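Step one of this worksheet: look at the structure below.
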Amino acid sequence: MQNFNLDRQSLGKQSIKYLAELLVVVFGVYLGFKANNYASQVNQQAYVDTTIKEMYHSLEQDIKDAELNKSGHESGLNAVKYFVKMVQSKSVNLDSFDYNFHYLSRNFVSVQNTSPFETIREKGYNVITNDSLRRNMIKLYDFQYEILEKIEEKYQPSQLYANESNHINEILDGSLSYNDNLKLEKIIIPLNISKEEKIV
């Protein structure tokens, strides 16, 4: 009977010992999981912060590019006015012909650095905890950049030279007189253009 009680006591002690060890292991695994989760969140937050800083830097460059684009569009409008004067048989400044022809003949290209946005988009916009920032990013990247690209590159009526280059070159071909050094000496006016083609 005494042996049986001793066995029960030692079995109870061993069970408590194993249970304590099991609890320590489970708690250790839980702490490890929590520490790993916390480290992952810290790393992800650091990655998001770095990406957002890169985004702000890209936006600064995009603003400069947009200002250059605006200036290019204004020069393009002035170039159209220059050539409208020629169509109307008015004299134009010969020295500014090349400059204006350059702006008449350029196609528009939309340039933005969207890689930081794509990085955030891949991770999921929910990594941005600031609601206002998240909404503005989605608006800028998924809407405004897309609209700008469509207007600048894909809207065919704005691609004047791509649409009309052959016609413009035919009209100007017989009207430009160059010297031996390939410097423009004279524009023969009126241009060889029919009344139907003269829409101004």
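The values are calculated or read from the model by the stated rules, or taken from the named source; none is laboratory data. Computed from a prediction, not measured in an experiment: that's the story for all the values here. Don't worry about glycine lacking a Cβ; one is built from the backbone with ideal geometry, like all the others, and counts go over all protein chains shown.
Screening Lys70, Lys53, Lys81, Lys64 for residues that are within 30 Å of Tyr178 (Cβ to Cβ) and without any contact (Cβ under 8 Å) to a residue 24 or more places away in the chain leaves exactly one candidate, Lys81.
If Ser91 satisfies all but one of (1) within 35 Å of the chain's Cα centre (by Cα); (2) surrounded by fewer than 10 Cβ atoms within 10 Å (Cβ to Cβ), what's the number of the condition it fails? Condition not satisfied by Ser91: (1).
Please find, among Ala39, Ala79, the residue that is small (Gly, Ala, Ser) and surrounded by 14 or more Cβ atoms within 10 Å (Cβ to Cβ). Exactly one of Ala39, Ala79 is small (Gly, Ala, Ser) and surrounded by 14 or more Cβ atoms within 10 Å (Cβ to Cβ), namely Ala79. Candidates Glu149, Glu164, Glu153: the one that is of a type in the set (Asp, Glu), closer than 19 Å to Phe101 by Cβ and surrounded by 13 or more Cβ atoms within 10 Å (Cβ to Cβ) is Glu164. The residues of region 167-181 that are exposed (fewer than 14 other Cβ atoms within 10 Å of the Cβ) and either at pLDDT below 85 or of a type in the set (Asp, Glu) (or both), listed by number, are His167, Asn169, Glu170, Asp173, Gly174, Asp180. Restricting to region 42-56, and then to whatever is loosely packed, with under 12 Cβ neighbours inside 10 Å and of a type outside the set (S, T, N, Q), can you tell me which residue is nearest to the chain's Cα centre (by Cα)? Ranking the qualifying residues of region 42-56, first place goes to Tyr56.
For every residue, the table says whether it meets (1) small (Gly, Ala, Ser); (2) under 14 Å from Asp62 (Cβ atoms).
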| position | (1), (2) |
| --- | --- |
| Gly124 | yes, no |
| Arg135 | no, no |
| Tyr141 | no, yes |
| Glu152 | no, yes |
| Tyr155 | no, no |
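Taking region 81-139 as the region of interest, the helices (runs of 4 or more DSSP H) fully inside it that hold 1 or more residues being under 15 Å from Met55 (Cα atoms) are 115-123, 131-139. Here Glu21 passes the criteria (1) surrounded by 10 or more Cβ atoms within 10 Å (Cβ to Cβ); (2) at pLDDT 85 or above except the one numbered (2).
Name the residues in region 136-163 that are in contact with a helix residue (DSSP H, G or I) (Cβ under 9 Å, 6 or more places away or on another chain), of a type outside the set (A, V, I, L, M, F, W, C) and free of Cβ contacts under 8 Å to residues at least 40 places away in the same chain, would you? Walk me through how you get there before you give the answer.
Applying the first criterion (in contact with a helix residue (DSSP H, G or I) (Cβ under 9 Å, 6 or more places away or on another chain)) to region 136-163 yields 137-138, 140-142, 145, 148, 151-152, 156-163.
Applying the additional criterion that residues be of a type outside the set (A, V, I, L, M, F, W, C) yields 141-142, 145, 152, 156-159, 161, 163.
Residues satisfying the conditions are Tyr141, Asp142, Tyr145, Gln156, Pro157, Asn163.
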